[in-house]
Amino acid sequence: MTEVLAHPIAAPVRGSGKAMISPARIAKRVHQLGHEISELYADIDTPLVMVVILKGAAVFAADLLRSLSIPAELEFVRAASYGGGTSSSGRVKFSHLVEGPLTGRHVLLIEDIVDSGRTIDVIEKQLRKHRPASLRLATLLDRPARRELPVQIHFTGFVIPGRFVIGYGLDYAGLYRELPGIYSLG
């Protein structure tokens, strides 16, 4: 069950942000997602391939991997559309770093936040060229208020309002990834 957040928790972060999702709520939800994913893929013949979108999804992916009860492999892609700002540039810079074979494998794309949908669209098109047996998407955060392209999300941690967020791997100009919770900058 996806959690929908309507109002942030009022707690300042370094004087500029407000707490939205506590570390405890994140841990609980990631564990639930790990259980859901493990159930769905329990009967596959090969390990699940988790393709992690760097850099933001690395923290989420590590915790999600540890919550699985099935074998899984990690692969990585790097894509960015924000640069140093708080809104997407509309252009996705993409580096395909997946090294292992994906043909006939079950692939779970791991993203920190689905926003405009442009990054996911570009990456999914690239991954489909490898002819995986299945391709699904897991995201910690879904921000539908800024969606420009349709996105099918199979596993969602939290639905959040249209605010720029930091923490738990998400950054602003490379900073604040180390924060244990999710915080709003606006």
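Values quoted throughout were computed directly from the atomic coordinates according to the rules given, and no laboratory measurement underlies them. Remember, it's a predicted structure, so these values are computed and weren't measured experimentally. Don't worry about glycine lacking a Cβ; one is built from the backbone with ideal geometry, like all the others, and counts go over all protein chains shown.
Annotations
- Residue by residue, the range 169-181 carries 3J(HN,Hα) couplings of x, 7, 10, 10, 6, x, 9, 6, 4, 6, 4, x, x Hz when phi is fed to the Karplus relation 6.51 cos²θ - 1.76 cosθ + 1.60 (θ = phi - 60°); x denotes Gly or Pro.
- Considering only Gln126, Gly174, Val151, the residue lying farthest towards the positive end of the dipole of the range 112-186 is Gln126, judged by Cα position with unit charges set on Cβ.
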